[in-house]
Structure formats: C-alpha cells, structure tokens
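Since the structure comes first, as structure tokens, the remarks are kept for the end.
Computed from the coordinates by the stated procedures, all read-outs in this text should not be read as laboratory data. Since this is a predicted model, take the numbers as computed values, not measurements. Positions of Cβ are backbone-derived with ideal geometry, glycine not excepted, and every protein chain shown enters the neighbour counts.
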Amino acid sequence: MLLLHPMLDNHYEVEISLDAKTYEFTSLGPKGDIVKVVRYSEIDVKGYYNLGFGDKDPITGFISDLTVTNNGDSQKVLATVAATLYAFTDTNFEATIIATGSTETRTRLYRMGITNNLEEIQKDFIIMGLTEINWESFRRNITYGAFLVRRKL
Amino acid sequence: MGRFWFVENYKFVIMKTKKMLEKKKLPKGFKFNATLDDKYADQPLFKDKVERSNHILKTIGLPKL
C-alpha cells in the first residue's frame with residue numbers, strides 16, 4: 001500500500017530508517033524548526049509494538065515526549081505520525097501497534113484525532129481502545145487510556 | 001578464505017540489503033536515511049511508554065482481533 005489516504009496528504013516530509021522503525025521529521029511553525037522522532041519499539045509480546053514520538057532537544061539531542069511545543073501544527077504533526085503508521089505496517093503488515101499519550105491531555109488529543117477521521121482510518125486499520133477493564137472496538141465519545149491498531153490485510 | 005572471506009561477504013550482503021531496501025517504494029514524502037537505524041542507539045527512547053504498553057498487555061491481556 002503506497003498510497004496514503006487523502007486526509008494524510010498534508011504531512012511533513014519524513015526520513016525513515018532502513019528497518020522502518022525510526023522516523024524523523026521537522027515541525028515548522030512560530031516556535032521555529034522542531035525535529036520530531038517517531039519510533040516503533042517491539043515490546044515483550046512478539047509482534048506487538050509501542051508507538052512513541054517526541055521532540056528532539058536542539059542542544060542536548062535528547063528525545064522527550066513530555067515537551068510541549070505549541071508550534072501551531074498539531075494536525076499536521078498527527079497526520080505525519082499517522083503516515084508513519086502506514087510506512088511501518090507496509091513492512092510489518094502483521095504488527096499490532098499500541099499508542100498512548102505521555103499525558104492525559106495528549107491521549108485525549110489522539111482520541112480526538114482518531115474520532116475526527118474514524119471512518120477513513122477504519123478502511124485500512126482495525127482500531128481498538130482500552131477501557132478500564134478491556135480492549136474494545138473504538139467508539140466515539142468514550143474515554144480510552146490507550147489505542148491499538150492493526151493493518152487490515 | 002577464512003575470516004577475511006567471511007567479513008568481505010558479510011559487507012557485501014549488508015550493502016546489497018541496503019540497496020534493495022532503498023529501492024523499495026515508500027509513501028509519498030518519505031525517503032530512506034540509513035543513519036537513522038543507529039542514530040538514537042544511545043537513548044532508551046520512550047522507555048516509559050514501552051513499559052506502560054508491557055504493563056497493559058500483562059494486566060489487561062491481548063485484544064481479541
């Protein structure tokens with residue numbers, strides 16, 4: 001699958017590692033050029049990956065998912081991260097990816113992003129949300145603590 | 001042959017794999033950067049999130065997909 005869904009066309013240019021697990025792009029906005037890194041890390045269960053992304057400190061080079069940038073481009077950043085999901089699952093088509101926000105505010109932001117594009121995302125991915133007790137198919141207006149996606153084959 | 005052959009053959013395999021991967025088509029707006037494979041090897045990226053994901057699967061279990 002080389003074509004991204006049209007909603008994802010507005011994303012930043014991305015550099016991808018050869019193993020398709022690490023991505024880097026630059027957010028452009030009033031706060032300047034902010035390098036962002038996305039990493040898919042396999043966790044203890046084989047075939048399951050954690051999706052993490054954060055900002056690179058321009059001085060230390062340290063990557064943090066707690067930095068609040070407010071560069072005015074959150075939608076484009078989310079679209080870019082979503083685009084990396086396509087690239088990653090193009091290579092790892094059986095992978096299951098878990099995503100959580102580093103803060104509750106961010107988790108809510110991700111939920112809103114999924115909600116606003118749910119029908120389109122569901123064309124290509126199975127999406128689940130984590131309630132207090134189990135995983136369920138993602139529904140609107142439910143507060144989830146984490147999200148899980150798998151590419152539809 | 002021996003060690004020299006092994007090292008040279010290994011380098012050839014890696015180079016050929018990299019070239020094959022670079023030819024692999026990517027979504028629009030993506031390009032390969034081989035340096036990214038090890039660029040952040042000195043940092044445990046998103047360690048807290050990885051641990052949280054492990055904790056979730058351990059306590060809640062796997063989803064029924």
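Details
- Under 12 Å, Cβ to Cβ, from B:Pro63 - net charge with Lys/Arg +1 and Asp/Glu -1: +1
- Environment charge of A:Gly72, counting only residues whose C-beta is closer than 15 Å and scoring Lys/Arg +1, Asp/Glu -1: 0
- Restricting the chymotrypsin sites (Phe, Trp or Tyr not before Pro) of region A:67-153 to loop positions (DSSP other than H, G, I, E, B) with no more than 13 neighbouring Cβ atoms within 10 Å leaves A:Phe93.
- Loop-located trypsin sites (Lys or Arg not before Pro) in region A:16-93 (DSSP state not H, G, I, E or B) with no more than 13 neighbouring Cβ atoms inside 10 Å: A:Lys31, A:Lys46.
- Number of Lys-Lys pairs in region A:17-93 with C-alpha atoms under 24 Å apart and a separation of 8 or more places or on different chains: 9.
- Between B:Val7 and A:Arg140, the modelled label-to-label distance comes to 6.3 nm, taking each label 7 Å out from Cα in the direction of the beta carbon.
- Qualifying GluC sites (Glu not before Pro) for region A:107-153 [loop in DSSP, other Cβ within 10 Å: at most 10]: A:Glu132
- The residues A:Ser17, B:Ser53, when put in order of fewest to most other Cβ atoms within 10 Å, stand as A:Ser17, B:Ser53.
- Partner aspartates and glutamates for B:Lys25 [C-alpha distance under 12 Å; skip if fewer than 8 residues away on the same chain]: A:Asp90
- Helix axis angle, A:104-116 relative to chain A longest principal axis, alpha carbon, degrees: 70
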